[in-house]
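This report refers to the structure that appears directly beneath it.
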Amino acid sequence: PTPEAWRALDAYLSDTLVGHDPDLEAAIETQEDAGLPAIEVAPLNGKFLHLLARISGARRVLEIGTLGGYSTIWLARALPEGGRVVSIEAEPYNAGIARANLQRAGVDDRVEIREGRASDVLPTLAGEEPFDLVFIDADKESNTIYLDWAARLGHPGTIVVVDNIGRSGEVADPHSTNRQVVGTQRGLEMLGTDPRFDATALQTLDRKGWDGVALAIVTDAAH
Ligand code: DHB
Ligand code: MG
């Protein structure tokens with residue numbers, strides 16, 4: 001398909017299934033005005049995460065990589081009464097933008113943003129209740145570390161989603177020297193071989209281009 005054709009389809013599907021959402025649109029605008037990169041999940045994928053959380057009845061959600069809080073709002077809106085999203089963000093500036101967006105969307109009471117590098121913050125969550133859904137969308141170089149923590153901080157049945165597993169097809173290149181691509185490949189290999197996971201992947205072609213998400217469940221081998 002031509003870029004025009006898939007963008008038109010993305011717009012059609014977004015208009016038809018997601019529709020107009022002032023709080024989410026304001027979050028994107030605030031993020032853009034603040035100079036953050038436009039790398040948040042596409043609306044259809046934000047809603048996909050939201051539905052996964054609802055379908056699974058997730059009460060505790062862990063997000064690695066908050067950015068401006070766009071996907072965080074989608075996840076927070078999926079929670080039942082008393083549910084919680086813990087979202088980790090390395091950049092204090094981004095965390096500030098995200099907090100403003102979460103407040104405007106009325107979900108700040110359900111979300112905790114933990115500032116710091118995820119590899120430092122994740123061990124501090126070990127004493128808390130396990131997470132039912134983990135969304136990994138941060139520095140791709142660290143995906144194997146994040147997956148290891150997803151298994152440790154989850155329970156058998158926990159859903160794990162990894163963003164950006166396609167990268168315009170670059171992830172299929174075994175000779176890639178791009179560190180993000182190599183990190184993504186190591187993460188996918190871990191999902192394919194580590195008995196703590198059972199996984200698949202979906203390619204996506206939307207307003208952000210050609211990419212995809214991996215979807216995994218934490219197995220009984222994790223405990
Ligand atoms: C990049 C990161 C993302 O999480 C994404 O969804 C798209 C692009 C990036 O770092 O380029
Ligand atoms: Mg991403």
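Nothing in this text is a laboratory measurement; each read-out follows from the coordinates by a stated rule. Remember, predicted model here, so these are calculated numbers, not experimental data. We place every Cβ from the backbone using ideal geometry, glycine too, and count neighbours over all the protein chains shown.
For this structure, a couple of remarks:
- Between PHE197, PHE131, PHE48, the Gaussian network model of the chain with springs among Cα atoms under 10 angstrom shows the greatest mean-square fluctuation at PHE48.
- Cα-projected label distance for ASP33 with LEU17, points at 7 Å along beta-carbon direction, nm: 3.1 nm
- Each of HIS155, HIS50, HIS223, HIS20 was scored by other Cβ atoms within 10 Å of its Cβ. Listed from fewest to most, they are HIS20, HIS223, HIS155, HIS50.
- ASN178 paired with ASP198, simple spin-label distance in nm, labels 7 Å along Cα-to-beta-carbon: 3.2 nm
- Net dipole in debye of the chain [+1 Lys, Arg Cβ; -1 Asp, Glu Cβ; about Cα centre; nearest 20]: 340 debye
- Projected area averaged over orientations for the chain, convex hull of C-alpha atoms, nm²: 12.1 nm²
- Formal net charge of residues neighbouring GLY83 (Cβ-Cβ distance under 15 Å; K, R +1; D, E -1): -2
- 10 °C / 1.306 mPa s Stokes-Einstein diffusion coefficient of the range 1-107, Kirkwood radius on C-alpha pairs, µm²/s: 110 µm²/s
- Entry note, the chain: relative contact order of 17 percent, from Cα contacts under 8 Å with a spacing of 6+ residues.
- Under 12 Å, Cβ to Cβ, from LEU102 - net charge with Lys/Arg +1 and Asp/Glu -1: -2
- Only helical runs count toward this figure. For the chain, summing -39,500 (n - 2.57) over DSSP H runs of n ≥ 4 and dividing by all residues gives -12000 deg cm²/dmol at 222 nm.
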